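Participant: There's a structure below that I have some questions on.
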Amino acid sequence: MEIKLKSIMGKDKTAIVGKLNVSVGDTIETGQVILQLETKKGNSPLKSEISGTVEEILISEGQTVEIGQTLLCVKSESGGETVPKLDYFAGMINGKKEDINADILIIGGGPGGYVAAIHAAKNGRKVVLAERKAMGGTCLNEGCIPTKAIVKSAELYEHIKNANEFGLEVKDARADMSKIIDRKNSIKDTLVSGIEYLMNKNEIRVIKGSASFVDERTVSVKSGRDEYTVEAENIIIATGSTSSTLKIPGIDNEFVMNSTKALDCRDNMDCVTIIGGGVIGMEFAFIYSNLGMKVNVVEYFDRVLTMVDSDVSEEICKIAKQRGIGIHTGSKVTRIGREENGKAVVFFEKDGTERFITSDKVLVATGREPDVQGLELENTGAAANENGRGIAVDSGMRTSVKHIYAIGDVNSRMQLAHVASHEGMVAVDNILGKDAHMDYTAVPNVIFTSPEIANVGLTEDAALREGLNISVSKFPFGANGKALTMGESEGFVKLIKDLDTGGIIGGAIIGPEASALISTLTMIINSRISEEEIIHTVFAHPTTGESIHEAVLGLGKGAFHYHE
Ligand SMILES: Cc1cc2nc3c(=O)[nH]c(=O)nc-3n(C[C@H](O)[C@H](O)[C@H](O)COP(=O)(O)OP(=O)(O)OC[C@H]3O[C@@H](n4cnc5c(N)ncnc54)[C@H](O)[C@@H]3O)c2cc1C
């Protein structure tokens, strides 16, 4: 029997296949959830109305399906209408085949791929985009947006718990992980359908399926039984990255999660151990801690967040410890065990002795790998980076094959969504005949801990490593009126000035609204705005932005509202 899609939640005619729970050969029962459908109204489970054995799966995760479409063929145990064998095989043979020509083929619909597609389409190019899962990539589906949705729930809960500091009495506040995840999913779904709308409006043909190179101008995109052969003048690879894993005993336990799994974990946990004190690990540490869980972070290096200056890292560690987050640096995880009661035990070596931490779940946040799986890049001759991680590109985003470009996480330059998008613009500009280059000197990055951390330009450590003659100014949020009214007076704004050129070359902010404030510093560094010009700019009062003005004053005769 064929299992068809009979209806979709809401008024939509199409939906996206989310998690597929069955494989060919599986026995399924009536009422069993065989897959999740991602709709504009949220996720909805699709239950089987028959029992039997799965003979064929005609769809794949991430594929768009429409009402009436056959999803699975099942050999029914309860009789019913059996599809004649001849039709079944005819269907297999007749899977849709199409040859398509394009000016530009983009592989991957994340922030790199979809921005490149829109930019190219707006400039009159015929664009085809292949995406094997949902549009929006890691960023929208399992990265930036989902984490920040949960960060907001967690911070709000933390504020509510401390409401009495603001003269408010709130009783019986409770965090419900399942509802937090539902809210996250609905934000994600809104944004994903927004991207689909933009693809449509910009007349970009989106093919749902997995792309692999046939040769350096031809790509095959397969989706279930359907196969599309796309020939393109130029190809942009924007396939992103996937979570890397640790090769240690016990990593396969079901209580071990990567960030993707953690973002869908609806369990109300008491304690979590996080392996890795990088950006993702520390964001989750504050999420779980703000939600009232006991959190321990185990980090191999001698400090967390090694990409920021040591004073910034020390400040966030101090704040983390005040909130009860255990930070174990210089610690090498050796294995993960399971207690009789089902709890996880993470064993690690620190200072030559073995220690352990027990928790409900373990989150492994040890970085991400460029995703080139299944691309069959060897059919193009495009070279990998020297360290073997990701595809090598020049500053114009060209690979070693002239008409093939690689943007975003897959080139392993900077794993940030806004970098992927900007690299996409540079690649398209070069295809359009311009001489565009990617400039990384003023790329902001934000870490959504509580408080937030944001950096742009050179760190103090990097400037010193480069032998630059610098001066540093720091203005604490404890001396900023707005920060005090917000009850968020921890942290500081720090500026780095090159004494030889007089220019501001870097800045770090740890404190309230750092994610918004960093745009001002980015503009200052990118547009080389002088100290004098900033001093004579009027900053509104009372705002956290005044801290930037004060930090700039601190580079000269000193801040008005702070004296060491
Ligand atoms: C938990 C987490 C939090 C993050 N938070 C932030 C943040 O706050 N800010 C920030 O800037 N960055 C953040 N990032 C990083 C950010 O998500 C990535 O840098 C960004 O998504 C990279 O964009 P991309 O377009 O290169 O790739 P992706 O977004 O990974 O998109 C690649 C797409 O290509 C598709 N694909 C892969 N192979 C094929 C194939 N063969 N055929 C068809 N399709 C294919 C994939 O399905 C995917 O949809 C976060 C990441 C994680 C995991």
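Participant: Just the number please: accessible area per residue for the chain, 1.4 Å probe, all protein chains included, in Å².
Facilitator: Ligands and nucleic acids excluded, the figure is 47 Å² per residue.
Participant: Straight distance only, please: which lysines reach the Cα of LYS402 with their own Cα at less than 22 Å, same-chain residues fewer than 8 apart left out?
Facilitator: Partners found: LYS126, LYS434.
Participant: I've got another one for you. Taking H as built 1.01 Å from N, whose amide H comes closer than 5 Å to the amide H of ILE327, not counting residues under 5 places away?
Facilitator: VAL297
Participant: Quick one: Cα centre-to-centre distance for segment 198-230 and segment 462-490, in angstrom?
Facilitator: Spelled out, the Cα-based centre of one part sits 48 Å from the other.
Participant: On to the next question. Towards the positive end of the charge dipole of the chain, with charges on Cβ (+1 Lys, Arg; -1 Asp, Glu), say which of LEU58, LEU305, ALA551 has the farthest Cα.
Facilitator: So the residue we want is LEU58.
Participant: Return the long-range amide H neighbours of VAL401 (sequence gap of 5 or more, or a different chain), with a cut-off of under 5 Å between placed amide H atoms.
Facilitator: ALA383
Participant: Could you sort the peptides 371-383, 510-522 by per-residue average Cβ neighbour count (10 Å cutoff), highest mean leading?
Facilitator: So the peptides 371-383, 510-522, ranked by packing, come out 510-522, 371-383.
Participant: Determine the dipole magnitude for segment 296-426: charges of +1 sit on the beta-carbon of Lys and Arg, -1 on that of Asp and Glu, nothing else is charged, the reference point is the Cα centre, and the result goes in debye to the nearest 20.
Facilitator: About 260 debye.
Participant: Given the pairs LYS40/LYS75; LYS148/LYS361; LYS171/LYS361; LYS133/LYS222; LYS148/LYS294; LYS96/LYS261, which span a C-alpha to C-alpha distance of over 23 angstrom in this model?
Facilitator: Going by Cα-Cα distance, LYS40/LYS75; LYS171/LYS361; LYS96/LYS261 fall outside the 23 Å limit.
Participant: Moving on to the next point. Rank these residues by their accessible area, most exposed first, probe 1.4 Å: ARG368, ARG303, ARG465.
Facilitator: Greatest to least solvent exposure: ARG465, ARG303, ARG368.
Participant: Let me ask something else. Once you have a ≥ b ≥ c as the square roots of the Cα gyration tensor eigenvalues for segment 256-365, tell me rounded if a/c is under 1.5, and otherwise prolate or oblate according to whether a/b is larger than b/c.
Facilitator: Note, shape of segment 256-365 comes out oblate.
Participant: Also: Hey, any idea what % of the chain's accessible area is carbon plus sulfur with a 1.4 Å probe? Present the calculation step by step, with values, prior to reporting the outcome.
Facilitator: Numbers: 13250 of 26560 Å².
Of the solvent-accessible surface of the chain, carbon and sulfur hold 50 percent.
Participant: While we're on this one: What is the distance in Å between the Cα centres of segment 1-70 and segment 524-564?
Facilitator: Between the Cα centre of segment 1-70 and that of segment 524-564, the gap is 57 Å.
Participant: OK, next. Set the Förster radius R0 to 51 Å, insert the Cβ-Cβ distance between LYS97 and LYS247 as r into 1/(1 + (r/R0)^6), and round the FRET efficiency to 0.05.
Facilitator: Calculated value: 0.80.
Participant: Of SER243, LEU35, MET135, which is farthest towards the positive pole of the chain's charge dipole, taken about the Cα centre with +1 and -1 on the beta-carbons of Lys, Arg and Asp, Glu respectively?
Facilitator: Checked the options; the winner is LEU35.
Participant: Please report, to one decimal in angstroms, the Kirkwood hydrodynamic radius of segment 458-554 built from all distinct Cα-Cα pairs.
Facilitator: Computed over segment 458-554, the radius equals 13.5 Å.
Participant: Rounded to whole Å, give me the distance from the Cα center of segment 96-146 to that of segment 326-341.
Facilitator: 40 Å
Participant: Using θ = phi - 60° and the Karplus curve 6.51 cos²θ - 1.76 cosθ + 1.60, what whole-Hz ³J(HN,Hα) does each residue of segment 254-261 get, with Gly and Pro shown as x?
Facilitator: Going residue by residue, I get 5, 7, 8, 10, 9, 5, 5, 5 Hz, with x marking Gly and Pro.
Participant: Leaving ligands, DNA and RNA out of it, rank ARG225, ARG132 by accessible area with a 1.4 Å probe, largest first.
Facilitator: ARG132, ARG225
Participant: Using label points projected 7 Å from each Cα along Cα→Cβ, tell me how many nm separate MET414 and PHE166, to one decimal.
Facilitator: 3.4 nm
Participant: Report, in deg cm²/dmol and to the nearest 500, the calculated mean residue ellipticity at 222 nm for the chain, where each DSSP H run with n ≥ 4 adds -39500 (n - 2.57) and the sum is divided by the residue count.
Facilitator: Working: 14 runs with 153 residues, N = 564.
The helix contribution divided over the chain gives -8000 deg cm²/dmol.
Participant: How big is the charge dipole of the chain about its Cα centre, in debye rounded to the nearest 20, if each Lys and Arg gets +1 on its Cβ and each Asp and Glu gets -1 on its Cβ?
Facilitator: It works out to roughly 920 debye.
Participant: Continuing with the same structure: What does the charge dipole of segment 433-508 about its Cα centre add up to, to the nearest 20 debye, if the Cβ of each Lys and Arg holds +1 and the Cβ of each Asp and Glu holds -1?
Facilitator: Details: 6 positive and 10 negative charges, 38 e Å.
The calculation lands at about 180 debye.
Participant: Beyond 29 Å, what share of the Cα-Cα pairs of the chain is found? Please give it as a whole percent. Display every interim value, and only then the final one.
Facilitator: Numbers: 97349 of 158766 pairs.
Summing the P(r) of the chain above 29 Å gives 61 percent of all pairs.
Participant: Name the residue from ALA173, ALA436, SER153 whose Cα lies farthest towards the positive end of the charge dipole of the chain, charges +1 on Cβ of Lys and Arg and -1 on Cβ of Asp and Glu.
Facilitator: Of the candidates, ALA173 comes out farthest on the positive side.
The values are calculated or read from the model by the stated rules, or taken from the named source; none is laboratory data. Note that this is a predicted model, so its numbers are computed, not measured. Ideal geometry is used to build each Cβ from the backbone, glycine not excepted, and the neighbour counts take in all protein chains shown. Accessible surface is based on the protein model in full, side chains and every heavy atom, while ligands, DNA and RNA are left aside. Shrake-Rupley method; radii C 1.70, N 1.55, O 1.52, S 1.80 Å.
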